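Each remark here refers to the structure printed beneath this line.
Values in this text are rule-based calculations from the coordinates and carry no lab data. Computed from a prediction, not measured in an experiment: that's the story for all the values here. As a convention, Cβ positions derive from the backbone with ideal geometry for all residues, glycine included, and neighbour counts pool all protein chains shown.
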């Protein structure tokens, strides 16, 4: 029987389009052990985690061990925001020999780095929902700021 500490479906990135959106629009943080993509979402929605561990890294046992560690870090870390983001973790070869604690400190450090590098969100835009689209569909900022 699963307790309240499980990794629920709502916390998982499961669709290809969600992964591709994270890769294309998310903020990448390149680390020695992995690459992490962070994409802001609606603040009422739960933060979701997607995992990419290539077969180049090893067999199923090896790949699943990495995924279990990262899921547990995501689930337990108080430094990871619980709402408003999509995260995609892409493992690198150097990730294979890490113990849990080293991976945990690297992962939480990368999340904090990505959060710090995001532009501050204006509350007026969130309330009105009016954004001004820029070139190639990129957001330019609040409608109130651009007038």
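Each residue in region 1-27 was checked for being in contact (Cβ under 8 Å) with a residue 60 or more places away in the chain and over 20 Å from residue 72 (Cβ atoms), and 7 pass.
Residues in region 4-12: is at least one assigned to a strand (DSSP E or B) and farther than 23 Å from residue 119 by Cβ? The answer is yes; a qualifying residue exists.
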